[in-house]
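Have a look at the structure below, then the notes.
Taken together, the values in this text are just the output of simple stated rules run on the coordinates, not laboratory data. Everything quoted here is computed from the prediction, not taken from an experiment. Please note: Cβ atoms are built from the backbone with ideal geometry, for glycine as well, and neighbour counts cover all protein chains shown.
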Amino acid sequence: MKRTSLIITGLFSILFSVSALAQTSTTVASPLVAPVQQSVTKLKALQATGDPDFDYVFRMRLLEQGAVDMAKLEAAQGTDEATKAKAQAFVDAKTKELAELEAMQRQLRPTRPNQAYTQKQSQQIQAIILKMQPDGVPAKMTGKLDDDFNALMTEFTRDASDLSKAYMTYGNNASVKAIAQKMVAQ
């Protein structure tokens, strides 16, 4: 009986050690995750007005800012010249787009709540939040800046496209729709 108890205790100890080792060895911190997580935290805290035009512009600004900050890190610290150039081109293009979004946001005033849009957008934001939890996308980071950048850019492009498609179904502002169409086309 005593021997069986020792064996079971030993097995649990080994199992716990292997589990802890597996968890620490598969999660690699990437400096690129922090700016994305900061923008996701801001998205989470944002209170939707229900107006598709206003909410889309506000949310895309936050999402894009995180992607731009991440791309700036890649451009400055990456090792692959092609990936660094891609990151810098992204920063240049999105900086102009962010300025457009900021100007639009100053002009727009929330007017007409749309419950269907609010529900759809909330589901999409919740999916982005879940994806950026420690066991989501960050757990897939390799620690290789260039590879991590490409993986995070894929996620950003997918998220921006999804948010834009939903907006195009409910939005009315032609200028905002033009930006949303560019996002979908990327």
Magnitude of the Cβ-charge dipole (Lys and Arg +1, Asp and Glu -1) of region 70-147 about the Cα centre, nearest 20 debye, reported as 440 debye
Net charge near residue 81 (other residues with Cβ under 13 Å of its Cβ; Lys, Arg +1; Asp, Glu -1) is -1
For region 113-186 the mean separation of alpha carbon contacts under 8 Å (6+ apart) over residue count, i.e. relative contact order in percent, is 32 percent
Note on region 84-173: alpha-carbon gyration tensor, axes a ≥ b ≥ c; rule is a/c under 1.5 for rounded, else prolate if a/b larger than b/c, else oblate; result oblate
When the charge dipole of region 134-186 is computed with +1 on Lys and Arg Cβ and -1 on Asp and Glu Cβ about the Cα centre, the Cα farthest towards its positive end, among 169, 145, 134, belongs to 169
Computed over region 44-186, the relative contact order (Cα-Cα under 8 Å, seq sep at least six) in percent reads 34 percent
Mean 1/r over distinct Cα pairs of region 25-153, inverted to a Kirkwood Rh in Å, yields 15.6 Å
Here the net charge surrounding residue 100, from other residues whose Cβ is less than 12 Å away from its Cβ (Lys, Arg +1; Asp, Glu -1), is +2
For region 51-126, the Cα-Cα pair-distance distribution in 10 Å bins from 0, as whole percents, is 19, 37, 28, 14, 3
Placing +1 on each Lys and Arg Cβ and -1 on each Asp and Glu Cβ in region 56-113, then taking the dipole about the Cα centre, the residue among 56, 99, 75 whose Cα reaches farthest towards the positive end is 56
